[in-house]
Amino acid sequence: LRRRAVALAPAFALATLTLPIRAQEPAAPPLFDARAVSVLHEALSGERAKDHVIQITRHHRIQGARGYRDAARYVLAELRKAGFSEQDAYIESFPSDGRIRYQTWQSPSGWHIESAELRMLEPFQERIIGYPEIAMSVMTYSNAGEATGELVWVGQGTSDADYAGKDVRGKLVLCTGYGGAVHRLAVLEYGAQAVVCYLDDERAMEYPDMLQYTGMWPRPEELPRVTFGFNLTRRQGERLRALLAAGRRVVLSARVTGPGLEPGSLDVVVARIRGSERPDEEVVVSGHLDHPKESANDNASGSGAMLDMARALKELTESGRLPRPKRSFRFLWVPEWYGTMAYIDQREFAGPALGGKWLANINMDMVGEHLELLHSAMVLTRTPASIPSALNDVVAEMADVVDRMEVRTPRGSQSRFNWRVTPYSGGSDHMMFIDRQIPAMMISHTPDYTHHTSEDTPDKVDPVELERAELIAAGALWHLANLTAEQGVDLASHVAANAAARLGDATRTARQRAIDSAAGAGWFEASNVLAHALRRETAALQDVLHFNDGATVRAAVASLVRSLESLYGALWRALTESAPATAAGRERAGAGARDARVPVRTTRGPLDFALPESRLPPDRAAWYRQDMPLGGNERFELVNFIDGKRTVSDIRDALAAEFRPVPVAAVGRYIEDLAAVGVVQWK
């Protein structure tokens, strides 16, 4: 959305359109208050944020573990230094023992170990790895214990076929699969004592001393039988494998000390800057605080940036350099997914569509990548089609403002800003907000070869990139929290101009669907794409009213909605004239017969990722491994579209417009299975 102009063919009758059209040169007037942006730029500090990153990475902060609590206490202590009172900054704790469930999510166990060591006894003696000097060397949620035995190579170790013809009972297994999955088979099914995993992918070939962290993540019924496991580098793993391949007898000795699995808690750090006019309405900044020791960009970077943002906004509003925001700011440092689910389960957590007062969220997850070292780019992930919002256009415009600024720090890089806006994708806590109908975007980076490895260290965190991320998030949310009537009219015009361009893009997609789809369904799919695009864009425009619903803003939004509807008509006429549709071609043929059943959700928050497959009979669950056509983002959105009003066919059509045509039978089957496991019922 880099100030895109509306560039559509003359056949689309733009002469009838009254929307403002944004030219690229000269640039349109800035959306934001220049003084507020300047003050934020001066107050926010990527250098301070990086100092927080360094401190946070010293904690082995696994969800539910004592190390996480230590990191949470550090965050709270820094908030106190910044002037937050006990009423405005605190920790909310939720029990976490590996058995308690929050909606459909099983809490992780608490966890703490004191030391660990893996040694080779034969064919020669040496110490291979130890804890705490390499924190990721022990698989998270390992229990305490000791084991001595022969080492057996089992390949990936994640399928029964890997154990065919091999006796692993009473032995240790060497593998390249994910630790928890291997432990479930090798130890719990085939009687091995412990697991030794090493990273064996393209990254590991280039960085052979990189170590990937893995975890047990035991199910409740498995807790009494959990043993332990170690993570090694590729260099270490390949050396052990070479000894075995040469016919050598390899004997290892391993021990882990400490309580291991224990009752714990999910600690959510909360900080709030109260609004002056509508304090019950809030904009929210979130980021997960957890991950193993080190884990700098993921996600000490987001947590450190949030701490600096909270400090700066507190100081600016207390000093009077910025007025107190009209709406409240809330900061949430969470244990990823699990802590946010506990918060959803126990607290009021909803957007306007569900009667709530949380108006927008920006999730900060991996925001400090050194662009030159990691060859990375900042990614601004849009809200999905299930929750259109003006937030997308505000954040994109703020990123464009930051791109034009000179953001430099004494110890930062000289990198040029490299950023892009991308369609919705999941993978972090913004999913939790979206599920509760709170418009949520994520600031992140990709690619990052250090992700979930021992190479994710503070030296790869750039104060300049931290400050850019802080400016984008703080500037966008400050604008929305304080939106005046004049700014509301301008924002509505800005959203409408971008909406016009997106409608043009949707028309191109519709035309391609008409050409490519199976005979008899092409024009239905084309009309479906364009109709949903109009609904999405008008809803995004109307979202402006959640931030200012004054008479002039309402009038501007209503006028611009009519203009979008007029543009939609012109685009559809031009499309049908360029490739006329037959009457038969407008039927649902390829989409499948209509399914008028209406599902209703029975839980809150995104569904556990293993549902419904994990609770289905084996013959029914096999469909998910063999024939299920929907990907993870599509399944997430499917559940978001279940609102007690849409039929199965309505949900299918919404998914098809956002992603790609899918059979209504597949959507119906998935919802039937959700009903079978009790997370959905039929209206």
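The values are calculated or read from the model by the stated rules, or taken from the named source; none is laboratory data. Remember, it's a predicted structure, so these values are computed and weren't measured experimentally. In this analysis, Cβ positions are derived from the backbone assuming ideal geometry, glycine residues included, and neighbour counts consider all displayed protein chains. What goes into the accessible areas is simple: the full protein's heavy atoms, side chains included, and nothing from ligands, DNA or RNA. Shrake-Rupley method; radii C 1.70, N 1.55, O 1.52, S 1.80 Å.
Does at least one position in segment 155-166 carry a residue that is of a type in the set (Phe, Trp, Tyr) and either closer than 23 Å to PRO292 by Cα or part of a loop (DSSP other than H, G, I, E, B) (or both)? Give the derivation first.
To start, the set of residues in segment 155-166 that are of a type in the set (Phe, Trp, Tyr) comprises 163.
This time we only want the ones that are either closer than 23 Å to PRO292 by Cα or part of a loop (DSSP other than H, G, I, E, B) (or both), so: none.
Scanning segment 155-166 turns up no residue that is of a type in the set (Phe, Trp, Tyr) and either closer than 23 Å to PRO292 by Cα or part of a loop (DSSP other than H, G, I, E, B) (or both).
The sole residue among LEU391, LEU380 that is surrounded by fewer than 24 Cβ atoms within 10 Å (Cβ to Cβ), modelled with pLDDT of 95 or more and not polar (S, T, N, Q) is LEU380.
Yes/no per residue for (1) in a helix (DSSP H, G or I); (2) more than 23 Å from VAL284 (Cα to Cα); (3) open to solvent by less than 10 Å² (accessible area, probe 1.4 Å):
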{"residue": "MET405", "(1), (2), (3)": "no, yes, no"}
{"residue": "GLY426", "(1), (2), (3)": "no, no, no"}
{"residue": "THR450", "(1), (2), (3)": "no, yes, yes"}
{"residue": "GLU455", "(1), (2), (3)": "no, yes, no"}
{"residue": "GLY488", "(1), (2), (3)": "yes, no, yes"}
{"residue": "ARG511", "(1), (2), (3)": "yes, yes, no"}
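The number of residues in segment 239-271 being crowded, with 20+ Cβ neighbours inside 10 Å and under 30 Å from ALA77 (Cβ atoms) comes to 9.
Set side by side, the residues PRO629, PRO606, PRO599 differ, and just one is touching a residue at least 24 places away in the same chain (Cβ under 8 Å) and in contact with an Asp or Glu (Cβ under 8 Å, 6 or more places away or on another chain), which is PRO606.
Looking across segment 190-203 at every residue that is in contact with a helix residue (DSSP H, G or I) (Cβ under 8 Å, 6 or more places away or on another chain) and surrounded by fewer than 22 Cβ atoms within 10 Å (Cβ to Cβ), the one that is farthest from VAL256 (Cα to Cα) is identified as ASP200.
Hey, does segment 592-607 have a residue that's at pLDDT 95 or above, among the aliphatic types (A, V, I, L, M) and under 24 Å from ALA440 (Cα atoms)? Yes: segment 592-607 contains one or more residues that are at pLDDT 95 or above, among the aliphatic types (A, V, I, L, M) and under 24 Å from ALA440 (Cα atoms).
Do the conditions hold for LEU471, that is, is it under 24 Å from LEU44 (Cβ atoms), at pLDDT 95 or above, open to solvent by less than 10 Å² (accessible area, probe 1.4 Å) and not in a helix (DSSP H, G or I)?
Numbers: under 24 Å from LEU44 (Cβ atoms): yes; at pLDDT 95 or above: yes; open to solvent by less than 10 Å² (accessible area, probe 1.4 Å): yes; not in a helix (DSSP H, G or I): no.
For LEU471, the condition - under 24 Å from LEU44 (Cβ atoms), at pLDDT 95 or above, open to solvent by less than 10 Å² (accessible area, probe 1.4 Å) and not in a helix (DSSP H, G or I) - is not met.
When you go through VAL401, VAL367 one by one, which is the residue that is over 14 Å from the mean Cα position of the chain (by Cα) and of a type in the set (Val, Ile, Thr)? It is VAL401. Residues in segment 407-424 that are open to solvent by less than 30 Å² (accessible area, probe 1.4 Å) and polar (S, T, N, Q) were compared, and the one that is farthest from the chain's Cα centre (by Cα) is THR409.
Taken over segment 407-424, the residue count meeting the criterion of being assigned to a loop (DSSP other than H, G, I, E, B) and farther than 19 Å from LEU373 by Cβ is 2.
Taken over segment 174-205, the criterion of being under 24 Å from PRO220 (Cβ atoms), among the aliphatic types (A, V, I, L, M) and more than 27 Å from the chain's Cα centre (by Cα) is satisfied by LEU185, ALA186, VAL187, LEU188, ALA192, ALA194, VAL195. Kindly indicate whether ASP505 is more than 30 Å from the chain's Cα centre (by Cα) and open to solvent by 10 Å² or more (accessible area, probe 1.4 Å). When the stated conditions are applied, ASP505 does not pass them.
Just to be sure, is ASP549 of a type in the set (Asp, Glu), open to solvent by 60 Å² or more (accessible area, probe 1.4 Å) and modelled with pLDDT under 95?
Numbers: of a type in the set (Asp, Glu): yes; open to solvent by 60 Å² or more (accessible area, probe 1.4 Å): yes; modelled with pLDDT under 95: no.
Against the criterion (of a type in the set (Asp, Glu), open to solvent by 60 Å² or more (accessible area, probe 1.4 Å) and modelled with pLDDT under 95), ASP549 does not qualify.
Selection of first residues in segment 82-98 that are crowded, with 16+ Cβ neighbours inside 10 Å and assigned to a loop (DSSP other than H, G, I, E, B) and of second residues that are among the polar types (S, T, N, Q) and modelled with pLDDT of 95 or more, restricted to Cβ pairs under 8 Å at least 6 apart or on distinct chains, gives the following pairs, ordered by first then second residue: ASP97/SER107; ASP97/SER109; GLY98/GLN106; GLY98/SER107; GLY98/SER109.
Exactly one residue out of ASP459, ASP400 is under 29 Å from VAL489 (Cα atoms) and surrounded by fewer than 21 Cβ atoms within 10 Å (Cβ to Cβ), and it is ASP400.
Within segment 651-665, the residues that satisfy the criterion of being crowded, with 19+ Cβ neighbours inside 10 Å and part of a helix (DSSP H, G or I) are ILE651, ARG652, ASP653, ALA654, LEU655, ALA656, ALA657, GLU658, VAL664.
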